1. Does residue 66 fit the bill of being closer than 22 Å to residue 287 by Cα, touching a residue at least 40 places away in the same chain (Cβ under 8 Å) and in contact with a helix residue (DSSP H, G or I) (Cβ under 9 Å, 6 or more places away or on another chain)?
2. Name the single residue, out of those in the stretch 69-83 being in contact (Cβ under 8 Å) with a residue 24 or more places away in the chain and out of contact with any strand residue (DSSP E or B) (no Cβ under 8 Å at 6 or more places or on another chain), that is nearest to ligand 2 (Cβ to nearest atom).
3. I'm trying to understand the selection: among the residues of the stretch 138-152, which are near ligand 1 (Cβ under 10 Å from one of its atoms) and closer than 17 Å to residue 21 by Cβ?
4. Quick check on my filter: what residues within the stretch 120-137 are part of a loop (DSSP other than H, G, I, E, B) and more than 10 Å from ligand 2 (Cβ to nearest atom)?
5. Please report, ordered by residue number, the helices (runs of 4 or more DSSP H) entirely within the stretch 220-300 with at least 2 residues that are surrounded by fewer than 22 Cβ atoms within 10 Å (Cβ to Cβ) and within 11 Å of ligand 1 (Cβ to nearest atom).
6. Filter the stretch 179-192 down to residues that are surrounded by 19 or more Cβ atoms within 10 Å (Cβ to Cβ) and under 17 Å from residue 163 (Cβ atoms), then give me how many there are.
Ligand code: PSU
Ligand code: MN
């Protein structure tokens, strides 16, 4: 039920580097047309490093690994694209709908397709107040099931970063800081929380991936790559805006899968586009790293 783009299929057959990309970031994470432009630029960055990009989405019920330019455009501009996490997959395929995949569902599909590296912006995690709402992203549990290294800029402080790291520890997920001892907070380089391990080269990260799976330690790795200094919004600047957006979400009664998209778009409005600029910069930064890791991993 999974259709691989011929270029992706060929790269996998020849043991060449392939990098998976998610599509919720395009359809529900950024406004049109910046979303489509960013998706294209991210694919270009991956190619510049000698890897093949494979954006994952569901079109008319068909699971696609690797999209054409028209398909990217459609995904970014149409209104009827659903946000598809693990639980939604069979509904969207059976009902022949269009869907954008989250970190969790992209990991699962990438794993099934034989892709080991996946680049995104931010992970879902344990939401603030989860002790009463139980809102913990399915992204976290997916790390116990799919053998994929996920490159992100950490998690936003719309989440409870400390609890998210605790949960990842319980699930046995290696959390690796790339060139940093600290887990990054998406818009900001610092979060105040340490990573359990720091690695400084794509080669070392590829080695850890190889040994994790050679040891039959099933599941993913979280590679946390801080936003570049020139693009960051310091926590002291962004945190009050995040608080405001969280408060509004609460007042409007926004729940479940709608929470993350609402917060992202409200924060972009409140910061007059500054958060969107940072978001785009960090995704591109992750694409550079992910492509290098994929190239190194293919050599092993
Ligand atoms: N974090 C971001 N941007 C995003 C997302 C998370 O900074 O676009 C998306 C990802 O697709 C992630 C999903 O998998 O939100 C998590 O949603 P939820 O919290 O409903 O599980
Ligand atoms: Mn959620």
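1. yes
2. Out of the qualifying residues, it is 76.
3. Taking the stretch 138-152 as the starting set, the residues that turn out to be near ligand 1 (Cβ under 10 Å from one of its atoms) are 138-140, 142, 150, 152.
Result: 139, 142, 150, 152.
4. Residues of the stretch 120-137 that are part of a loop (DSSP other than H, G, I, E, B), as a first pass: 120-125, 128-129, 134-135, 137.
Scanning the stretch 120-137 gives 120, 121, 122, 123, 128, 129.
5. Working: elements: 235-252, 259-270, 274-299.
The qualifying helices (runs of 4 or more DSSP H) are 259-270.
6. Number of matching residues: 5.
Each row is one residue, and each column tells you yes or no for (1) more than 25 Å from residue 18 (Cβ to Cβ); (2) touching a residue at least 24 places away in the same chain (Cβ under 8 Å); (3) out of contact with any helix residue (DSSP H, G or I) (no Cβ under 7 Å at 6 or more places or on another chain).
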residue: 55; (1), (2), (3): no, yes, no
residue: 85; (1), (2), (3): no, yes, no
residue: 93; (1), (2), (3): no, yes, yes
residue: 101; (1), (2), (3): no, yes, no
residue: 108; (1), (2), (3): no, yes, no
residue: 114; (1), (2), (3): no, yes, no
residue: 117; (1), (2), (3): no, yes, no
residue: 130; (1), (2), (3): yes, yes, no
residue: 136; (1), (2), (3): yes, yes, no
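Residues checked against (1) more than 30 Å from residue 289 (Cα to Cα); (2) modelled with pLDDT of 95 or more; (3) touching a strand residue (DSSP E or B) at 6+ places or on another chain (Cβ under 8 Å):
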residue: 219; (1), (2), (3): no, yes, no
residue: 222; (1), (2), (3): no, yes, yes
residue: 227; (1), (2), (3): no, yes, yes
residue: 230; (1), (2), (3): no, yes, no
residue: 251; (1), (2), (3): yes, yes, no
residue: 256; (1), (2), (3): yes, no, no
residue: 259; (1), (2), (3): no, no, yes
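The values are calculated or read from the model by the stated rules, or taken from the named source; none is laboratory data. Just so you know, these numbers come straight off a predicted model, no measurement behind them. Heads up, the Cβs are rebuilt from the backbone with ideal geometry, glycines too, and the neighbour counts pull from every protein chain shown.
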